[in-house]
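Since the structure comes first, as structure tokens, the remarks are kept for the end.
The values are calculated or read from the model by the stated rules, or taken from the named source; none is laboratory data. Bear in mind that the values here come from a model prediction, so they are computed numbers and not experimental data. Using ideal geometry, Cβ is built from the backbone for each residue, glycine included, and neighbour counts are taken over all protein chains shown. Please note that ligands, DNA and RNA were not included when accessible areas were found on the heavy atoms of the full protein model with its side chains. Shrake-Rupley method; radii C 1.70, N 1.55, O 1.52, S 1.80 Å.
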Amino acid sequence: MKRLLRGGRVVDPSQGLDEHLDVLLEDGRVSRLDAGIDTDGAEEMDVRGLVVTPGLIDGRCHFGEPGFEHRETLRSGLMAAAAGGYTAVLMFGDTDPPNHDRGTTELLLAEAARQPWARLHPVATVTKDRAGKALTEAGEMLAAGAVALSDGDRSISNAALLRRALLYAQHYDVALVHRACDPNLADQGVMHEGEVSTRLGLPGSPALAEDTFVARDLLLVAETGGRYHLGPVTTAGAVEQIRRAKDRGDSVSCDVTPYHLLLTAEEVADSGFSTATRVEPPLRSAIDVDALLEGLADGTVDAIVSDHRSHHADEKDDVQFSVAPAGVVGLETTVSLCLDRLVRPGVIDLGRCVELLSTGPARAFGLAGGSLEPGRRADITLLDLEREVTVDPAAFRSLGRSTPFTGWTLKGAAVGTLLAGEPVRLP
């Protein structure tokens, strides 16, 4: 099967490409990139006016299946991914049961194979039941198809346990993804500790809770040589520590979410305590946001992730802010937010944006995607930089509806994806 993408603007950071080219696909792989390709027997897709990129990869998603299907199923989550322009997602193991054994990893992959919308990359838990006490059989889960290790939003407080986990990560050459937060410093905080939390009378979680654990983690990384990925990073102190670790040559990477880039703790007050601003880590200060944006521009940050986390309305919307579960949906808003609020005002250019959404996550997690180099699998995303969209949760493919960006009008959107050269068509 041959397919020719005709006349698009090809942006591929892995090859330093940003030019108008035809892209020839054969047998599910990229065959050739050139101007004016003339080939017989190829089905043509006219993509003039669109941007052709390596398939976008979301490095942080939380679906509900198994155990919490009322929040998000694999079907609804992967359909939301395709609608948002993603060809692959990393799914973290905070389910019931969690992804802490080979059988669960195989179950996830078998079910995902029946959903032809986007690829699923399971992330296995570091500890059994994500309890932070005993390591899982990482080798078995990685052999079954898991791509990284993480306890998701739970930090590992036991430094000796984390040290052993980093040694495992080094042995298997995979990333250990850690949510760095000292639980004693964070205590029961539901938003960033600072002037706003004091004014609102809400318990706060200080930036120091993240900074101290990042410092500890990086000392362990330097000693073990393990691959470490901080996610999501939210504080100025954490960004600077990651920057210095990279300068030393340590094997570290990190990601950030759109809401930590675009919103501050003031949003909790401005929204009237909307539970859509209840996220973890919490929305931080303007100083932290500026540091994150600087990290995007200078290469410190490796990926932008949606941190998609769906909750039923009864759990999320119909409760007080202080008891609402943390997290919002993001698969269907992240790309447009990046194009409109980061690329359009010149915070980063389009090539860097594609790197953060595709090439960067592929590199951080050792995935096969992130490039349109000939011979690579033809997972592709199509972007329309002029398409104007208004964020409307009622139109989401996701089962979740909670987002702090409801009603935002954004210019730029994903308008299609291809998996192994075949266009994805949502029902």
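Summary table
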{"quantity": "Condition check for GLY77: at pLDDT 95 or above, buried (at least 19 other Cβ atoms within 10 Å of the Cβ), assigned to a helix (DSSP H, G or I) and in contact with a His (Cβ under 8 Å, 6 or more places away or on another chain)", "calculated": "yes"}
{"quantity": "Residue list for the stretch 134-167, restricted to those being part of a helix (DSSP H, G or I), crowded, with 20+ Cβ neighbours inside 10 Å and touching a residue at least 40 places away in the same chain (Cβ under 8 Å)", "calculated": "MET141, LEU162, ALA165, LEU166"}
{"quantity": "Failed item in (1) touching a residue at least 40 places away in the same chain (Cβ under 8 Å); (2) buried (at least 16 other Cβ atoms within 10 Å of the Cβ); (3) touching a Leu at 6+ places or on another chain (Cβ under 7 Å), with MET91 passing the rest", "calculated": "(1)"}
{"quantity": "Failed criterion for ILE287 (all others in (1) of a type outside the set (Gly, Ala, Ser); (2) farther than 24 Å from GLY152 by Cα; (3) open to solvent by less than 10 Å² (accessible area, probe 1.4 Å) hold)", "calculated": "(3)"}
{"quantity": "Residue selected from the stretch 201-214 under the condition open to solvent by less than 40 Å² (accessible area, probe 1.4 Å) and part of a helix (DSSP H, G or I), by the criterion farthest from ALA180 (Cα to Cα)", "calculated": "ALA207"}
{"quantity": "Residues satisfying the stated conditions in the stretch 267-276, i.e. open to solvent by 10 Å² or more (accessible area, probe 1.4 Å) and either under 20 Å from GLU193 (Cβ atoms) or of a type in the set (Ser, Thr, Tyr) (or both)", "calculated": "GLU267, ALA269, ASP270, SER271, PHE273, SER274, THR275"}
{"quantity": "PRO54 in contact with a helix residue (DSSP H, G or I) (Cβ under 9 Å, 6 or more places away or on another chain) and buried (at least 22 other Cβ atoms within 10 Å of the Cβ)", "calculated": "yes"}
{"quantity": "Any chance ILE242 is part of a helix (DSSP H, G or I) and open to solvent by less than 10 Å² (accessible area, probe 1.4 Å)", "calculated": "yes"}
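Residue-by-condition table, conditions (1) open to solvent by 10 Å² or more (accessible area, probe 1.4 Å); (2) under 15 Å from the mean Cα position of the chain (by Cα):
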{"residue": "ALA265", "(1), (2)": "no, no"}
{"residue": "GLU294", "(1), (2)": "yes, no"}
{"residue": "ALA297", "(1), (2)": "yes, no"}
{"residue": "VAL305", "(1), (2)": "no, yes"}
{"residue": "ARG309", "(1), (2)": "yes, yes"}
{"residue": "ASP318", "(1), (2)": "yes, no"}
{"residue": "VAL323", "(1), (2)": "yes, no"}
